[in-house]
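A single structure is presented below for examination.
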Amino acid sequence: DEIEDTVDLFDQLREMEDLRTECFIDICKTRSCDFGFLANRGTTIAQYMARSEIDSHRALETMNEFMPKGAEKSWAHKLLEEHYMALDENIRKMHDELKPEYLIITADHNTVPHKYRASVTPFLLEQGYLIIYIKNSATTN
């Protein structure tokens, strides 16, 4: 499908995230999964494309303190709010349906300055969930 405008883009991002969440839940229910990882690519796309709108949305909160009538949200702010509400709903749905003993929500792309950095690769290696194969560069005759 061709994307005609920003509203269409956000509709397609939501559909993509909903389908990815449904597929993840289905896989976890039909297979024995000790560990699962679901990447929300749609949120990363939204954040890259709407960074200035995210920053201005944050500024609205400060403006509301000083402006008696508050500041108005733009159509882009409303799309972002709807996107994040849908993301929250997908996380809730995944948690409610799978009832995991542990749940970690993390991000490598976000909208605030980094306070900490983390890499899941060492954990995955130590727990046996990730195996790195190194292709042998020697050739045999």
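Can you run phi through the Karplus equation (6.51, -1.76, 1.60; θ = phi - 60°) for the range 47-53 and list ³J(HN,Hα) in whole Hz, with x for Gly and Pro?
Values, residue by residue: 5, 5, 7, 10, 4, 5, 5 Hz.
Here's another thing I want to ask about it. R0 = 41 Å: FRET efficiency of residue 95 with residue 73, Cβ-based, nearest 0.05?
Efficiency, from the Cβ-Cβ distance: 0.90.
Here is a follow-up. Could you give me the ³J(HN,Hα) list for the range 22-28, computed from phi with Karplus coefficients 6.51, -1.76, 1.60 and θ = phi - 60°, whole Hz, x at Gly and Pro?
4, 4, 4, 4, 4, 4, 5
Along the range 7-20, what does the Karplus equation 6.51 cos²θ - 1.76 cosθ + 1.60 (θ = phi - 60°) give for ³J(HN,Hα), rounded to whole Hz, x for Gly and Pro?
Ordered by residue, 3J(HN,Hα) equals 4, 4, 4, 5, 4, 5, 5, 5, 4, 4, 5, 4, 5, 5 Hz.
Mind checking the full-extension length gain between residue 7 and residue 120? Use 0.36 nm per residue of separation minus the Cα-Cα distance, one decimal, nm. Mind showing how you got there, number by number?
Details: separation 113, 0.36 × 113 = 40.68 nm, distance 3.39 nm.
Separation in residues times 0.36 nm, less the Cα-Cα distance, equals 37.3 nm.
What is the gain in length, in nm to one decimal, between residue 15 and residue 37 on full extension, counting 0.36 nm per residue of separation less the C-alpha to C-alpha distance?
On the way: separation 22, 0.36 × 22 = 7.92 nm, distance 1.90 nm.
Result: 6.0 nm gained on full extension.
All of the numbers you see were taken from the coordinates with simple rules; none came from a lab. Remember, it's a predicted structure, so these values are computed and weren't measured experimentally. Please note: Cβ atoms are built from the backbone with ideal geometry, for glycine as well, and neighbour counts cover all protein chains shown.
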